[in-house]
Amino acid sequence: MLKRILLIVSMVLLALILLPLLEGLGEQTHVSSLAEYYLSSGADDLNSPNLVTSVVVTYRGLDTLGEVTVLFAAAAGIMLAFKGLKMDEKEREKTQGPSELLASGASLLFPILFIFGIYIFTHGHLSPGGGFQGGVVIASAALLLLLSGVIPGVSHLMTSLLEALAGASYVAIGLLGLYLAAGFLDPRFLPRGEWSGIFSAGAIPVIYSLVGIKVGSELSAVLNAMISKGGEK
Amino acid sequence: MMDYFNSEAALTHLMMAGILSLVVIGLYGILTRKNLIKIFLSLGVVETAVNILIVALPYRKGGVAPILTGQGMEGFLDPVPQALVLTSIVIGLAITALGLVMAVKFYQHEGHLNIRKMNGLKR
């Protein structure tokens, strides 16, 4: 009991420590000078209506490459942890197949979700969305099929091949920007295109599509590993 | 009293209270729960609070997302924190996934997830 009271007191004290962090909340009247630059010249620079995407893919492109690398490291760690585990044939037979209703529903929803994911990452430079969001939608489509038991598993070869190709092309496009445009991950070596067209804003849609493919295949592989090997003892 | 609820300050205070309580609830969970999976979920709650804080800090009244849809740049918000939160969410996902897999592996070896009984290095 005393322990619990002490804990609650320390939590309250912690909240008091964190309070000054929240001081600036709701008191902003204008954006900072760096953001001012992104807002005023981002559209002219890159011809992309979504300025958040401009920041994520171009101005802070190196951060995004690092982010993709962290996700890759986590996926690699998960694969390593589940390496060598094989689901028992007996165990597999025990699990019932999906019912007719579940199987048809999942197979009906899967293509819609899959295309929606592709739509999100190809329109990342035009509307809210992007590679990570689209990739997660695709992974959730794969999760639907895996959980309902319509497919026994996602092919490891396919996901690892897609992931490796997308990751390598991402870095290759970054290097192309270094040689053909102003710097690493500069998307302006491809034509600007017309305003808010799907093939506009240089290499931004290409980079975001690659990120989408990479994240989608990576997370599908992780979910596949968790579902098919996580239940083993 | 009604004036306060209609004012902008009420929204700000509500946001502050929400962020603070999420941080405190998450940390309370991390400190008191014994199940490894619940600890990782509490970590996720703290993460959410930090993400809300980063997005909420540059907000001002009448601000809109910085996406050009033909209305001009009036009221655009700072795009940098929004990009930062995208990164933060993905990294949070990676950490949670890796942590949960470690919990699964531990369960496969030991048959429990109780951190009070995790004294393998002490024995």
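The values are calculated or read from the model by the stated rules, or taken from the named source; none is laboratory data. Quick caveat, the model's predicted, so the values are computed rather than measured. Don't worry about glycine lacking a Cβ; one is built from the backbone with ideal geometry, like all the others, and counts go over all protein chains shown. All accessible areas refer to the heavy atoms of the entire protein, side chains included, with ligands and DNA or RNA removed. Shrake-Rupley method; radii C 1.70, N 1.55, O 1.52, S 1.80 Å.
Taking chain B as the region of interest, the number of lysine pairs whose Cα atoms are within less than 25 Å, with members eight or more places apart or on different chains, is 8.
Need one number: buried accessible surface between chains B and A, 1.4 Å probe, both sides summed, DNA, RNA and ligands left out, in Å² to 100. Summing both sides, the interface buries roughly 4100 Å². Remark: the stretch A:139-148, residue by residue, has Karplus-estimated 3J(HN,Hα) of 5, 5, 5, 5, 4, 4, 5, 5, 5, 6 Hz, where x stands for each Gly or Pro and the curve is 6.51 cos²θ - 1.76 cosθ + 1.60 at θ = phi - 60°.
Taking all protein chains as they are arranged and a probe of 1.4 Å, the heavy atoms of residue A:184 leave approximately 80 Å² accessible to solvent.
Sequence-ordered 3J(HN,Hα) estimates for the stretch B:108-113 from the Karplus curve with 6.51, -1.76 and 1.60 and θ = phi - 60° stand at 5, 7, 10, x, 8, 10 Hz, glycine and proline given as x. Under 5 Å from the amide H of residue B:76 lie the amide H atoms of B:64, each residue being 5 or more positions distant or on a separate chain, with H modelled from the backbone and absent for Pro and chain starts. Working from Cα pairs under 8 Å separated by at least six residues, relative contact order for the stretch B:2-117 is 26 percent.
Computed over protein heavy atoms with a 1.4 Å probe, the carbon and sulfur contribution to the accessible area of the stretch B:2-117 reaches 70%. From the square roots a ≥ b ≥ c of the eigenvalues of the alpha-carbon gyration tensor of the protein assembly as shown, which class results: rounded (a/c under 1.5), prolate (a/b over b/c), or oblate? Because a/c hits 1.5 or more and a/b fails to exceed b/c, the protein assembly as shown counts as oblate. Determine the share of the stretch A:94-233's accessible area contributed by carbon and sulfur atoms, expressed in whole percent, with a 1.4 angstrom probe. On the stretch A:94-233, the fraction of accessible area on carbon and sulfur atoms equals 73 percent.
Excluding the site residues themselves, the longest part of chain A lacking any GluC sites (Glu not before Pro) in a DSSP loop with at most 16 other Cβ atoms within 10 Å is A:28-193.
In the context of the full set of protein chains, residues of chain A present 54 Å² of accessible surface per residue (probe radius 1.4 Å, heavy atoms only).
Per-residue shielding of B:72-82, expressed as the average number of other chain Cβ atoms within 10 Å of the residue Cβ, stands at 6. With the convex hull drawn over the C-alpha atoms of chain B, the volume per residue is 138 Å³. The count of lysine pairs in chain A that are at least 8 places apart or cross chains, and whose C-alpha atoms lie under 27 Å apart, stands at 13.
Across every direction, the projection of the convex hull enclosing the Cα atoms of the stretch A:1-141 has a mean area of 16.9 nm².
Among A:31, A:150, A:206, the largest mean-square fluctuation in a Gaussian network model of chain A (Cα springs under 10 Å) belongs to A:31. Couplings 3J(HN,Hα) for the stretch A:167-184, derived from phi with the Karplus relation 6.51 cos²θ - 1.76 cosθ + 1.60 (θ = phi - 60°), are x, 5, 5, 4, 5, 4, 5, x, 5, 4, x, 5, 8, 9, 10, 6, x, 4 Hz, where x marks Gly and Pro. The residues of the stretch B:2-117 expose on average 53 square angstrom of accessible surface per residue, using a 1.4 Å probe on protein heavy atoms.
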